[in-house]
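Novice: Pasting in a structure now, in structure tokens, and then I'll have a few things to ask.
The values are calculated or read from the model by the stated rules, or taken from the named source; none is laboratory data. These figures come from a predicted structure and were not determined experimentally. A quick note on method: Cβ atoms are made from the backbone with ideal geometry, for glycine too, and the neighbour counts reach across all protein chains shown. Accessible surface areas use protein heavy atoms only, side chains included; no ligands, DNA or RNA. Shrake-Rupley method; radii C 1.70, N 1.55, O 1.52, S 1.80 Å.
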Amino acid sequence: MTENFDHYISRNIQAFYRKRLLPPILYLLAAAILWLLFPLSDMLSPEELDKTVSFADAYRQGSSYVRAVFHDLVFTGYTQERSGSTKGYYYYGIHNGECVIVLLSPSTCEEGLPTIENIQVRGRILEGKTSYSELLDRLAKDLDWTAEGIGRQMPGYYFSEPDFFPRLTFFLFLVYFGFIAYSELSLLLYLLYINFPVLSPPCQNLVVFGRPKKLLDEAEEELATLPQLATEDMFITEHYFIMTSPYGNAIVPIKEILWIYKHSTLQKFLWYHFSISYTMHITANKRMYVHCPKNIKSDIDGIMDYLAEANHNILVGFSEENRLKVQEILGKPFHVEKLYAFLRRKI
């Protein structure tokens, strides 16, 4: 038994965080694949469109997100409407020796300046669809040209500033980089906890009772020497309650426990009931909360009976009376303490 439980808590903490390495690794791989498959780098840092490169060539080369300089743009008199508001103003000008259509944002063109001598904007080169064809038809009538004639003069692609970085894209970038940062931080923390279990949350939560390393060593020694009671993933030693389950790890000094109770959960899928599992809740001093989920009733009852016998001050069972007693002992927390207790509970 001594050999089996040697550094048992630390080994289970390491195993717990090894299993949690996979999700952030998978997300970082997915983020890298997305970066390679889609023009994300072009959207963040677009290259300048060469004056000698046509819209069609740039589009075919995959350089649809660009920075471009235009000279002597003339307002066509037409706008692009969407959801009852003006999305952009259509201008025409010369680029690479051909007449091109440029759609500018209302703020850029001051809501339809007649002419713009010089402007540098970021935008996206798009293939002309139905609305673009309708625009060319209207221009042909205004200029007294035929649809075929204006089609030969203007390419089938146009430059759109409003489509470069719409709000949804900006939000998606925030989510994209936010999850990358979260995954990287999670990965670094998990690796840190694997190499130094004493720095993990289950051990650092003990700082309110003393030095985490000292308390961890004491719990490890007691568990390795002579555990008083043991279930599949819960243990009681002379001075500590220890949980090493797939759902988390916890170490709680028995003398600090204030209240224990259990509640049942019916496991079911659609209309079929599988079984009933039990969760034990522990409330300790300094607002430490521990949940021990998905256990069988006999294990929970045995642990609760032993804890109540080891510490006669522990309140057993859920009731309004017990809740009020615990609240009176702990007092009303400040907002910062509430947040800290919530984070500790979640971790």
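Novice: So what is the 222 nm mean residue ellipticity for the chain from helices alone, if each DSSP H run of at least 4 adds -39500 (n - 2.57) and you divide by all residues, rounding to the nearest 500 deg cm²/dmol?
Specialist: Numbers: 12 runs with 144 residues, N = 347.
Calculated from helices alone, the mean residue ellipticity at 222 nm is -13000 deg cm²/dmol.
Novice: Residue 96 to residue 25: FRET efficiency via 1/(1 + (r/R0)^6), r the Cβ-Cβ distance, R0 45 Å, to the nearest 0.05?
Specialist: Numbers: r = 46 Å, r/R0 = 1.02.
Between residue 96 and residue 25 the formula returns 0.50.
Novice: Highest first, please rank the peptides 314-321, 284-291 by the mean number of other Cβ atoms sitting within 10 Å of their residues.
Specialist: Details: 314-321: 13.4, 284-291: 18.4.
Packing order, densest peptide first, comes out as 284-291, 314-321.
Novice: Then there is this: Taking only protein heavy atoms and a 1.4 Å probe, what accessible area per residue, in Å², does the chain have with all protein chains in place?
Specialist: Each residue of the chain exposes 59 Å² on average to a 1.4 Å probe.
Novice: So if we plug the beta-carbon distance of residue 321 and residue 279 into 1/(1 + (r/R0)^6) with R0 = 25 Å, what FRET efficiency do we get, rounded to 0.05? The partial results should precede the final answer.
Specialist: On the way: r = 21 Å, r/R0 = 0.84.
Computed FRET efficiency for residue 321 and residue 279 comes out at 0.75.
Novice: Spelling out what I want: for every residue of region 119-125, take phi, set θ = phi - 60°, compute 6.51 cos²θ - 1.76 cosθ + 1.60 (Karplus), and round to whole Hz; glycine and proline get x.
Specialist: Whole-Hz 3J(HN,Hα) from phi for region 119-125: 7, 10, 9, 9, x, 10, 8.
Novice: Still on this model: If you find the alpha carbon centre of region 1-79 and of region 155-174, how far apart are they in angstrom?
Specialist: Their Cα centres are 16 Å away from one another.
Novice: Turning to a different aspect of this structure: Among (i) 5, 20, 27, 23, 15, 7, 2, 1, 0, 0; (ii) 5, 18, 19, 12, 9, 10, 13, 10, 4, 0; (iii) 5, 26, 34, 23, 10, 2, 0, which one is P(r) over Cα pairs in 10 Å bins from 0, in percent computed from these coordinates?
Specialist: Looking at P(r) over Cα pairs in 10 Å bins from 0, in percent for this model, the match is (ii).
Novice: Compute the length gained on full extension between residue 294 and residue 33: take 0.36 nm times their separation in residues and subtract their Cα-Cα distance, giving the result in nm to one decimal. List each step's numbers first, then the result.
Specialist: Details: separation 261, 0.36 × 261 = 93.96 nm, distance 3.73 nm.
Stretched out fully, the residue 294 to residue 33 stretch lengthens by 90.2 nm.
Novice: Return the distance in nm (one decimal) between the two label points of a simple spin-label model at residue 82 and residue 169, each offset 7 Å from Cα along Cα→Cβ.
Specialist: Taking the two extended label points, one gets 1.0 nm.
Novice: Below 8 Å between Cα atoms, with a sequence gap of 6+, how large is the relative contact order for the chain in percent?
Specialist: Working: 509 pairs, mean separation 51.1, N = 347.
Value for the chain: 15 percent.
Novice: Do any chymotrypsin sites (Phe, Trp or Tyr not before Pro) in region 1-60 lie in a loop, going by DSSP, with at most 14 other beta-carbon atoms within 10 Å of their beta carbon, and if so which? Walk me through the intermediate numbers first.
Specialist: Details: sites: 5, 8, 16, 17, 27, 35, 55, 59; in loops: 5.
In loop regions of region 1-60 (DSSP not H, G, I, E or B), there are no sparsely surrounded chymotrypsin sites (Phe, Trp or Tyr not before Pro).
Novice: According to a simple spin-label model (label point 7 Å from Cα along Cα-to-Cβ), what is the distance in nm between residue 45 and residue 122?
Specialist: 1.2 nm
Novice: Among 175, 17, 226, which residue has its Cα furthest toward the positive end of the charge dipole of the chain, with +1 on Lys/Arg Cβ and -1 on Asp/Glu Cβ?
Specialist: Going by the Cα projections, it comes out as 226.
Novice: Let me ask another. Quick one: which residues, 5+ away or cross-chain, put their amide H under 5 Å from the amide H of residue 119? H built at 1.01 Å from N.
Specialist: Under 5 Å from the amide H of residue 119: 70.
Novice: Show me, for region 170-185, the HN-Hα J-couplings you get by feeding each phi into the Karplus relation (A = 6.51, B = -1.76, C = 1.60, θ = phi - 60°), rounded to Hz, glycine and proline as x.
Specialist: Along region 170-185, the couplings run 4, 5, 5, 5, 4, 5, 4, 6, x, 6, 5, 4, 5, 5, 5, 5 Hz.
Novice: Give the calculated FRET efficiency between residue 181 and residue 143 to the nearest 0.05, with a Förster radius of 41 Å applied to their Cβ-Cβ distance.
Specialist: Working: r = 53 Å, r/R0 = 1.28.
That gives a FRET efficiency of 0.20.
Novice: Taking the Cα centre of the chain as the origin, how large is its charge dipole in debye, to the nearest 20, when only Lys and Arg (+1) and Asp and Glu (-1) carry charge on their Cβ atoms?
Specialist: Approximately 880 debye in magnitude.
Novice: A follow-up question, please. Find how much the distance from residue 329 to residue 225 grows on full extension, using 0.36 nm per residue of separation minus their present alpha carbon separation; answer in nm with one decimal.
Specialist: On the way: separation 104, 0.36 × 104 = 37.44 nm, distance 3.39 nm.
Gain on stretching residue 329 to residue 225: 34.0 nm.
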